[in-house]
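Following: one structure in C-alpha cells, then a few remarks.
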Amino acid sequence: MRQLGQWWEEDSEDAVAAARGIGFVLAAELRLRGVDLSFTPVLDLDWGRSTVIGDRSFHRDPEVVSILAGALIEGLRLAGMGACGKHFPGHGWVEADSHVAIPVDERDLAVLAPDMQPYRRLRLDAVMPAHVTYPQIDSRSAGFSPLWLTKLRQEFNFDGVIFSDDLSMEGASVAGDITARAQAAWHAGCDMLLVCNAPDKVEEVLSRWTAGTDASRSARVSRLLPTQPAFTADQLAEHPLYRAGQDAVALLAQRAA
C-alpha cells in the first residue's frame, strides 16, 4: 500500500486505477478460494513512527489515504466483497506494536482529527478499532471503549459491522483474561469478536460466556455476506479489471525490488 502512495506522488491517476485493480484481484482471488471478507484496507496514516503499520499504510496525507483506499474498496466491491477499515481512530502514531505491547497515544481529539478523516469520508462496510489507549479521551482502549464506539456510530454515522481486533493480542490484555476481553469488546459495541492466534482460548470463551441474541447486530453482520457469485477462474482470466490488477501488482513488485 505504501508503494501505491509513492506511485500517487508520481502519477495520481494511474495510482488510483492500480488501487482499484488491486482491490479487485484481492477480493476475486480470495472469493475463488471461498473467503468472502478480508480485513482491509488499513486507513492508518504513515507518520513514520509505527513499524507494525509500516508499509501497510498508503500515505501520511489523509486525503491521499481516503482516495486510494476508496479506489481499493471500489475494486473489492466489484468482486463482491465488503471493506473493513482499520484501526479506528488511528494506529499510525504510536510506536508500540499492539501484538506484543500496550500502545498509548497521548494526543487529544484535535490532534487526532487527521487520523480520523478517512472514516468520515469513506463508506465502509465494517470497521476494526485499535488496541490503543487514548487517555486524553478515555482510559479504555478504543476496542473496549463504549465512548469511542458510540462516537463511531453517532458522529461518523457508521451503521456497519464493528469487529474487535484480535483479542489474543497483548494490546487486548488491558481488559483481563480472554473471556473478560470478549465481554468488554461486546459491551463496548463490537458486533463480531476475533480470537485469531490462540485457538485454545476460543473454546474457553464459548464455554464460559455467551452474548445472547441481538437482532440489530445480526442484521448488520448479514449485510456483509456476498450478494453476487464469485467469479470463476475462467471468467477472471478474461476480465479486464483482473488483468489490469495483476499488471499493477507486478509493477509494484518491480518498484519495490
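Going residue by residue through segment 11-18, is there one that turns out to be among the hydroxyl-bearing types (Ser, Thr, Tyr), at pLDDT 95 or above, more than 10 Å from GLY245 (Cβ to Cβ) and surrounded by fewer than 16 Cβ atoms within 10 Å (Cβ to Cβ)? Walk me through how you get there before you give the answer.
As a first pass, look at segment 11-18 and keep what is among the hydroxyl-bearing types (Ser, Thr, Tyr): 12.
In the following step, the residues that additionally are at pLDDT 95 or above were identified as 12.
Then keep just the ones that are more than 10 Å from GLY245 (Cβ to Cβ); that gives 12.
After this cut, where a residue has to be surrounded by fewer than 16 Cβ atoms within 10 Å (Cβ to Cβ) as well, the list is 12.
Within segment 11-18, one or more residues are among the hydroxyl-bearing types (Ser, Thr, Tyr), at pLDDT 95 or above, more than 10 Å from GLY245 (Cβ to Cβ) and surrounded by fewer than 16 Cβ atoms within 10 Å (Cβ to Cβ).
Could you list, in sequence order, the residues of segment 68-85 that are surrounded by 24 or more Cβ atoms within 10 Å (Cβ to Cβ) and either farther than 14 Å from ASP44 by Cα or polar (S, T, N, Q) (or both)?
LEU72, ILE73, GLY75, LEU76, ALA79, MET81, ALA83
Can you confirm whether segment 133-149 contains a residue that is in a helix (DSSP H, G or I) and hydroxyl-bearing (Ser, Thr, Tyr)?
At the first step, the residues of segment 133-149 found to be in a helix (DSSP H, G or I) are 142-144, 146-149.
Applying the additional criterion that residues be hydroxyl-bearing (Ser, Thr, Tyr) yields none.
Checked against the condition, which is being in a helix (DSSP H, G or I) and hydroxyl-bearing (Ser, Thr, Tyr), segment 133-149 yields no hits at all.
So, of the residues in segment 91-104 that are open to solvent by less than 10 Å² (accessible area, probe 1.4 Å) and touching a Pro at 6+ places or on another chain (Cβ under 8 Å), which turns out to be farthest from ALA130 (Cα to Cα)? It would help to see each step written out before you state the result.
Keep residues of segment 91-104 that are open to solvent by less than 10 Å² (accessible area, probe 1.4 Å), which gives 91-92, 94, 98, 103.
After this cut, where a residue has to be touching a Pro at 6+ places or on another chain (Cβ under 8 Å) as well, the list is 91, 94.
Values: HIS91: 6, VAL94: 11 Å.
It comes out as VAL94.
Any idea which of (1) over 20 Å from ILE162 (Cβ atoms); (2) in a loop (DSSP other than H, G, I, E, B) is the one GLU203 doesn't satisfy?
(2)
Can you find, within segment 134-182, the residue that is farthest from VAL221 (Cα to Cα) among those that are more than 18 Å from the chain's Cα centre (by Cα), crowded, with 19+ Cβ neighbours inside 10 Å and not aromatic (Phe, Trp, Tyr)?
Checked segment 134-182; the qualifying residue farthest from VAL221 (Cα to Cα) is ALA175.
Of the residues ARG220, ARG243, only one is in a helix (DSSP H, G or I) and in contact with a strand residue (DSSP E or B) (Cβ under 8 Å, 6 or more places away or on another chain); which? Talk me through it step by step, then tell me what you get.
Numbers: ARG243 fails: in contact with a strand residue (DSSP E or B) (Cβ under 8 Å, 6 or more places away or on another chain).
Result: ARG220 is the single residue among ARG220, ARG243 that is in a helix (DSSP H, G or I) and in contact with a strand residue (DSSP E or B) (Cβ under 8 Å, 6 or more places away or on another chain).
Would you say LEU225 is surrounded by 10 or more Cβ atoms within 10 Å (Cβ to Cβ) and more than 21 Å from ASP125 (Cβ to Cβ)? Spell out how you get there, then give the answer.
On the way: surrounded by 10 or more Cβ atoms within 10 Å (Cβ to Cβ): yes; more than 21 Å from ASP125 (Cβ to Cβ): no.
The answer is no for LEU225.
The values are calculated or read from the model by the stated rules, or taken from the named source; none is laboratory data. Not measured: the values here are computed from a predicted model. Backbone-built Cβ (ideal geometry, glycine too); neighbour counts: all protein chains shown. Note: areas computed on protein heavy atoms with side chains; ligands, DNA, RNA excluded. Shrake-Rupley method; radii C 1.70, N 1.55, O 1.52, S 1.80 Å.
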